[in-house]
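Heads up, the thing below is written out as structure tokens.
The values are calculated or read from the model by the stated rules, or taken from the named source; none is laboratory data. Note that this is a predicted model, so its numbers are computed, not measured. Backbone-built Cβ (ideal geometry, glycine too); neighbour counts: all protein chains shown. These area figures cover heavy atoms from the full protein model, side chains too; ligands, DNA and RNA do not enter into them. Shrake-Rupley method; radii C 1.70, N 1.55, O 1.52, S 1.80 Å.
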Amino acid sequence: MIAIRAATADDAEAIAQIYAAYVTGSTISFEEQPPDAAAIAERMAAHDGFYPWLVATGTDPLGETGPGKILGYAYAGPFRSRAAYRFSVETTIYLAGGAHGQGAGRLLYEALIVTLRAQGFTQAMGVIALPNGPSISLHEAVGFRRAGVIRSIGYKQGQWVDIGLWQCELAHTGMPPAEPRPFRDVGVVRG
């Protein structure tokens, strides 16, 4: 059984461990040094509850731990810093090594998207280091569409890496748009 809930500062250590594998072992993240639990907790608190951070919990697919293990996490943050972008978010998702292909990623991302819609955001952007077929498939399965590619934008592990932009329309844009509501006021919304 997989459960989705809001992440807390107590989850920062597990989130840091999941993320570290992507930072050190791939070009999926452009960070070069994995942040520790304190840095993750700081990132979670940085926007004072405005943007959601969610975790998927369940039984480790490898059977090494019982229920409640964090299988993955997803969050949203500002797409760009200028005020006109405040209706849009950039989304991110990472899964623990053994959690791929178990359905946790889709449940987690669907909960994030439904929550962002309830908050009143209009667009979500996924930024994917290429190539990354599994991430592209997940994004497209939950409603993202390819919006473009930026070539050779990051240099990591001795190579230039492209990024792909995937966009998900969360709501029809009204005029004037309503201001998005903070996550702390909405909470996790389930489809």
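Numbers at a glance
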| read-out | value |
| --- | --- |
| Net charge over other residues, Cβ less than 14 angstrom from the Cβ of residue 45 (K, R count +1; D, E count -1) | -2 |
| 10 Å Cβ shell holding at most 15 others, DSSP loop, GluC sites (Glu not before Pro): longest site-free stretch of the chain | 65-191 |
| Estimated distance in nm for a label pair at residue 83 and residue 114, the labels positioned 7 Å out from Cα along Cα-to-Cβ | 3.5 nm |
| Exposure ranking of 28, 40 by accessible area [1.4 Å probe, largest first] | 28, 40 |
| For residue 156, solvent-accessible area (1.4 Å; no DNA, RNA or ligand), Å² | 10 Å² |
| Calculated on alpha-carbon atoms, Rg and Dmax of the stretch 67-145 in Å | 13.1, 42 |
| Most mobile listed residue (175, 125, 44) in the chain, GNM with C-alpha springs under 10 Å | 175 |
| Where trypsin sites (Lys or Arg not before Pro) fall in DSSP loop in the stretch 82-140, at most 14 other Cβ within 10 Å | 82 |
| Sites residue 147 and residue 106 - FRET efficiency at Förster radius 22 Å, r taken between beta-carbons, to 0.05 | 0.60 |
| Fluctuation leader among 55, 23, 89 - the chain, Gaussian network, Cα springs under 10 angstrom | 23 |
| Most mobile of 180, 134, 35 in a GNM of the chain (Cα contacts under 10 Å) | 134 |
